[in-house]
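Visitor: Structure below; questions to follow.
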Amino acid sequence: MLELVGVRHRYDGRVVLDIERFAVPPGAGVAIVGPNGSGKSTLLRLLALLERPSEGEVRLDGAAVTGAAPRRRITLVEQRPILLRGTVRENLEFGLQVRGIRRTEVNRKVENIAARLGITSLLHRRRHELSDGEVQRVAVARALAVEPDVLLLDEPASSADRAAAQTLYRTLAEERARRPLAVCLASHQLEDAYRWADDVRALAEGRLSPVTPENLFRVELPSGGSGDLKHVCVGTIEIAAATDKTGPAILAVPPTDIFVSRAPLASSARNVFTGRVTRLTHQRPGAVLVTADVGVELVAVVTEEAARDLGLTPGGSVVFSFKASAVRVF
């Protein structure tokens, strides 16, 4: 188990990460999603033991990490990885050689991981002969070759085409099925995160959010209002939220708290918006993500049966409803 406990991390006195607990269990597939500047890369660097938190601890198997020895169990592939001088083959061989692995076994492992990630034809090339997407795949192959216990990936498919990204995620799934590898990946590709991860977590302003960032909005909460009810402009709509907070804040609307219908229904929900379905995504067996433009993009979750019964199709009309109390503010 790799985890951050009671971590507050600062750059130049500014808190960039404030995490009570973030755990990556053995064998888990965790995706971290969030906007630029939310703290995803910093979180990965702390987990990789490349930085020490300003406050709090990084723990491995329940014990606070001290010294450099645990780094061999954890590997980070950054968004813009640096390759060693030499060929792709030499990059893949390096980590295996320093671990004292025999030449025949090094060759076998290199050929195997190169084939699985579709980079066999690149083995003779050097860094300047590779595209950014190829560099990312080589760096992931280099990391997988040494078989870490925890693999941390920062936007590993950001420069990849769709086919290369699918190959990457398939290889990760195969590796996790083969041995107890934990993978923690930061990504902007929400559909990919939902498709491959067991656990999707969101960061906003350095804090863990209770929902994923499809429905996260940075707003300015007005003072006054009717009791604790605030009406906040988001895009071209106003969202009613039950909160006594004022000033800068993040609104979060859990997709599971949005009721989906084809026409407005009689209910106590203060937020009722009509729009058009823009995308339907199968999240996991039995669940469908419904993305709609209602003046701002919102995402709801329904069962496959409900999606069929409602006749939801891209371009079709839809109504999203949710209560003011469902809107979380932080």
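The values are calculated or read from the model by the stated rules, or taken from the named source; none is laboratory data. Just so it is clear, the model here is predicted, and its values are computed rather than measured. Every residue, glycine among them, receives a Cβ derived from its backbone with ideal geometry; neighbour counts consider all protein chains shown.
Visitor: State which residue is farthest from ARG10 (Cα to Cα) when the search covers only the stretch 27-84 and only residues that are among the hydrophobic types (A, V, I, L, M, F, W, C) and touching a Ser or Thr at 6+ places or on another chain (Cβ under 9 Å).
Guide: ALA31
Visitor: Taking the stretch 102-129, which residues are assigned to a loop (DSSP other than H, G, I, E, B), within 17 Å of THR167 (Cα to Cα) and in contact with a Ser or Thr (Cβ under 9 Å, 6 or more places away or on another chain)?
Guide: Of everything in the stretch 102-129, those that are assigned to a loop (DSSP other than H, G, I, E, B), within 17 Å of THR167 (Cα to Cα) and in contact with a Ser or Thr (Cβ under 9 Å, 6 or more places away or on another chain) turn out to be LEU117, GLY118.
Visitor: Please verify whether the stretch 166-186 includes one or more residues that are within 14 Å of the chain's Cα centre (by Cα), of a type in the set (Val, Ile, Thr) and outside any helix (DSSP H, G or I).
Guide: Yes, the stretch 166-186 contains a residue that is within 14 Å of the chain's Cα centre (by Cα), of a type in the set (Val, Ile, Thr) and outside any helix (DSSP H, G or I).
Visitor: Please go through the stretch 59-84 and pick out each residue that is in contact with a strand residue (DSSP E or B) (Cβ under 8 Å, 6 or more places away or on another chain) and loosely packed, with under 14 Cβ neighbours inside 10 Å.
Guide: Residue satisfying the conditions is ALA64 alone.
Visitor: Okay, next question. Answer yes if at least one residue in the stretch 127-148 is of a type in the set (A, V, I, L, M) and more than 29 Å from THR42 (Cα to Cα), and no otherwise.
Guide: The answer is no; no qualifying residue exists.
Visitor: Please find, among PHE330, PHE322, the residue that is in contact (Cβ under 8 Å) with a residue 12 or more places away in the chain and buried (at least 19 other Cβ atoms within 10 Å of the Cβ).
Guide: On the way: PHE330 fails: buried (at least 19 other Cβ atoms within 10 Å of the Cβ).
Sole residue among the options that is in contact (Cβ under 8 Å) with a residue 12 or more places away in the chain and buried (at least 19 other Cβ atoms within 10 Å of the Cβ): PHE322.
Visitor: Filter the stretch 216-268 down to the residues that are among the polar types (S, T, N, Q) and crowded, with 19+ Cβ neighbours inside 10 Å and list them by number.
Guide: Correct list: THR243 only.
Visitor: Now for a different question. Anything in the stretch 21-40 that is farther than 20 Å from ASP149 by Cβ and either at pLDDT 95 or above or basic (Lys, Arg) (or both)? List them, or say none.
Guide: LYS40
Visitor: Between residues in the stretch 7-34 that are free of Cβ contacts under 8 Å to residues at least 60 places away in the same chain and residues that are surrounded by fewer than 21 Cβ atoms within 10 Å (Cβ to Cβ) and of a type in the set (D, E, K, R), which pairs lie under 7 Å by C-beta distance while being six or more apart or on different chains?
Guide: Every condition considered, the pairs that remain are VAL7/GLU55; ARG8/ASP18; ARG8/GLU55; ARG21/GLU3; ALA23/GLU3.
Visitor: Counting only residues that are under 14 Å from LEU152 (Cβ atoms) and β-branched (Val, Ile, Thr), give me the strands (runs of 3 or more DSSP E) lying completely in the stretch 1-101 with at least 2 of them.
Guide: 29-33, 74-77
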